[in-house]
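Okay, so here's the structure we're looking at.
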Amino acid sequence: MSAQREPIGVIGTGYVGLVTAAGFAELGSDVWCVDIDAEKIARLRAGEVPIYEPGLKELLERNAARLHFSTEIGGALEHARLLFVAVGTPPTHSGDADLSAVNAVVAEMPNSGRHALVMKSTVPCGTGATIQRVFGEQGKESLSYVSCPEFLKEGSAVKDFMHPDRVVVGDDDGWAGDAVIALYEPLGAPLVRTDVASAEMIKLAANAFLATKISFINEIANVCEDTGADVIEVARGVGLDERIGPRFLQAGIGYGGSCFTKDVSALKLLAANSGYHFQLLNAVTEVNELQKRRVISKLQRHLGALAGRRIALLGLAFKPETDDLRGASSLVLAARLLAEGAVVSAYDPVAADAAREQMPALDFCDSALAALREADAAVLVTEWRELVELDWSAVAAAMRGDLVVDGRNALDPLRLRGAGLRYEGIGRR
Ligand SMILES: NC(=O)c1ccc[n+]([C@@H]2O[C@H](COP(=O)([O-])OP(=O)(O)OC[C@H]3O[C@@H](n4cnc5c(N)ncnc54)[C@H](O)[C@@H]3O)[C@@H](O)[C@H]2O)c1
């Protein structure tokens, strides 16, 4: 790559910021990374990677000379024109997006016609307009603003950065939007250049649609259970329709993660705050919450009361290939099982440390088989490959009972039944 690439700043070095920084460094940019978390910055400076994301460690190592880490924004402002903002926007108690971290960054920006704030954080539609108004009020009207929402998926974030389905750039056709487009140009992705509000809405609408697709197939799965149909067959037949497509039609115990729940809620409240009742998203959210709990009734149907029963949770992260527990179905399941009086053992290949802090009452084990020992039932919560490929005869020998609830429809019922286990999926015959 050419040494002429535009240097950039990245504010916030979490899942999005760190991957964005490493990705642009790989493309040849010098990247000044800023985070208020001093411990995180110290670890990054020491060559440690604070999160688990496949391929990220190698990318950071390969581009170490181009990556600079600091708790202060000064270096980024000195060396870069474009400041990519990737700070968290978690939900507030009311369900709206908490923009306090974004606002803290806005407050730190100088009045400079040389700089642009490039918003990667997911923010409600209208945030860019508000920030530009605030810039005006603070006498910083010469600053530029670009909305550049991020679509990467945890677990394949590096690949998604390098091969995006599209790049969305929302601005007023100024120099900063041009510069952001030039940065992404080597990736050859389809470009959507639009206004700021539309760019913001594209991100919220995309996540809301994906969440809707999941809740839809989960409801179909629930109806399959009452009618004798098999949701795997149904999803295959439906997904081959080009207008629908096969992805996000995997029934299971509901979506988790930091994004879908909060972005669906933020979009619903954004609509409500301007007087519109977004009915569909109420149902999407409710279906998802109930879906996480359906496992409990499945266990009760087979085992009766769960008090004193030992239940093994296989996988805790909200999906495979990440250590992220935010919004994970495991949190709801564990809490419900404990409330029913069950004893809960648990195993996750990478998320166990974070899980220990959040679910101290669980019996954490160092292997799946250890978690399964003397269990009355097991629940596959996260379809990590090592869990999908367990030796089911060894599982049957380790367990006291024989029930396996496949919360992700990722297991082969015939293999499990062949090993003497009782298989129960979601919407499967
Ligand atoms: N995680 C995803 O898969 C994903 C995908 C697309 C979009 N997003 C969006 O990207 C944004 C970031 O998400 P994330 O998962 O990377 O969050 P994260 O919590 O992993 O990282 C946020 C980082 O910002 C830092 N930070 C907070 N305030 C700061 C400040 N004032 N200055 C500098 N650093 C600050 C935090 O210390 C943290 O390291 C969110 O808006 C999210 O909705 C996330």
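The values are calculated or read from the model by the stated rules, or taken from the named source; none is laboratory data. Just so you know, these numbers come straight off a predicted model, no measurement behind them. As a convention, Cβ positions derive from the backbone with ideal geometry for all residues, glycine included, and neighbour counts pool all protein chains shown.
For the range 312-345, how many residues meet the condition of being assigned to a loop (DSSP other than H, G, I, E, B) and within 16 Å of residue 365 (Cβ to Cβ)?
4
Filter the range 159-171 down to residues that are buried (at least 20 other Cβ atoms within 10 Å of the Cβ) and either closer than 17 Å to residue 86 by Cβ or among the aromatic types (Phe, Trp, Tyr) (or both) and give me whichever is nearest to the chain's Cα centre (by Cα).
The residue in question is 161.
Take the residues in the range 1-35 that are aliphatic (A, V, I, L, M), out of contact with any helix residue (DSSP H, G or I) (no Cβ under 7 Å at 6 or more places or on another chain) and in a loop (DSSP other than H, G, I, E, B); name whichever of them is surrounded by the fewest Cβ atoms within 10 Å (Cβ to Cβ).
3
Identify, please: which residue in the range 73-109 is near the ligand (Cβ under 9 Å from one of its atoms) and assigned to a loop (DSSP other than H, G, I, E, B) and is, among those, surrounded by the fewest Cβ atoms within 10 Å (Cβ to Cβ)?
90
Here is a yes/no grid of residues against (1) more than 15 Å from residue 381 (Cα to Cα); (2) of a type in the set (Ser, Thr, Tyr); (3) modelled with pLDDT of 95 or more:
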{"position": "308", "(1), (2), (3)": "yes, no, yes"}
{"position": "317", "(1), (2), (3)": "no, no, yes"}
{"position": "340", "(1), (2), (3)": "yes, no, yes"}
{"position": "346", "(1), (2), (3)": "no, no, yes"}
{"position": "352", "(1), (2), (3)": "no, no, no"}
{"position": "357", "(1), (2), (3)": "yes, no, no"}
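Report yes if residue 64 is away from the ligand (no atom under 13 Å from the Cβ) and aliphatic (A, V, I, L, M), otherwise no.
When the stated conditions are applied, residue 64 passes them.
Count, please, the residues in the range 1-24 that happen to be farther than 20 Å from residue 115 by Cβ and either more than 10 Å from the ligand (Cβ to nearest atom) or over 23 Å from the mean Cα position of the chain (by Cα) (or both).
Residues in the range 1-24 being farther than 20 Å from residue 115 by Cβ and either more than 10 Å from the ligand (Cβ to nearest atom) or over 23 Å from the mean Cα position of the chain (by Cα) (or both): 5 in total.
Could you say which residue among 39, 48, 58 is assigned to a helix (DSSP H, G or I), surrounded by fewer than 19 Cβ atoms within 10 Å (Cβ to Cβ), within 25 Å of the chain's Cα centre (by Cα) and within 16 Å of the ligand (Cβ to nearest atom)?
Answer to the selection: 39.
List pairs: first residue in the range 323-335 and within 16 Å of the ligand (Cβ to nearest atom), second residue among the hydrophobic types (A, V, I, L, M, F, W, C) and part of a helix (DSSP H, G or I) anywhere in the structure, Cβ distance under 7 angstrom, at least six positions apart or on different chains.
323/354; 325/331; 325/354; 325/355
This table checks each residue for (1) touching a Lys or Arg at 6+ places or on another chain (Cβ under 8 Å); (2) assigned to a loop (DSSP other than H, G, I, E, B).
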{"position": "178", "(1), (2)": "no, no"}
{"position": "214", "(1), (2)": "no, no"}
{"position": "229", "(1), (2)": "yes, yes"}
{"position": "234", "(1), (2)": "no, no"}
{"position": "251", "(1), (2)": "no, yes"}
{"position": "262", "(1), (2)": "no, no"}
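Is there any pair linking a residue in the range 93-107 that is under 14 Å from residue 126 (Cβ atoms) to one that is of a type in the set (D, E, K, R) and within 9 Å of the ligand (Cβ to nearest atom), with Cβ under 8 Å and at least six apart or on different chains, and which?
Close Cβ pairs satisfying both conditions: 97/262.
When the residues of the range 234-274 are filtered to those that are among the polar types (S, T, N, Q) and at pLDDT below 95, which remaining residue is farthest from the ligand (Cβ to nearest atom)?
If we take residues in the range 234-274 being among the polar types (S, T, N, Q) and at pLDDT below 95, then 274 is farthest from the ligand (Cβ to nearest atom).
Would you check which residues across the range 205-246 are free of Cβ contacts under 8 Å to residues at least 12 places away in the same chain and of a type outside the set (A, V, I, L, M, F, W, C) and list them?
226, 227, 233, 236, 237, 239, 241, 242, 243, 245, 246
Tell me, yes or no, whether the range 119-138 has at least one residue that is surrounded by 20 or more Cβ atoms within 10 Å (Cβ to Cβ), more than 20 Å from residue 271 (Cβ to Cβ), free of Cβ contacts under 8 Å to residues at least 60 places away in the same chain and more than 13 Å from the ligand (Cβ to nearest atom).
For the range 119-138, residues surrounded by 20 or more Cβ atoms within 10 Å (Cβ to Cβ), more than 20 Å from residue 271 (Cβ to Cβ), free of Cβ contacts under 8 Å to residues at least 60 places away in the same chain and more than 13 Å from the ligand (Cβ to nearest atom): present.
Of all residues being in contact with a Cys (Cβ under 7 Å, 6 or more places away or on another chain) and of a type in the set (A, V, I, L, M, F, W, C) in the range 45-86, which is nearest to residue 107 (Cα to Cα)? Just the residue, please.
In this case the residue turns out to be 69.
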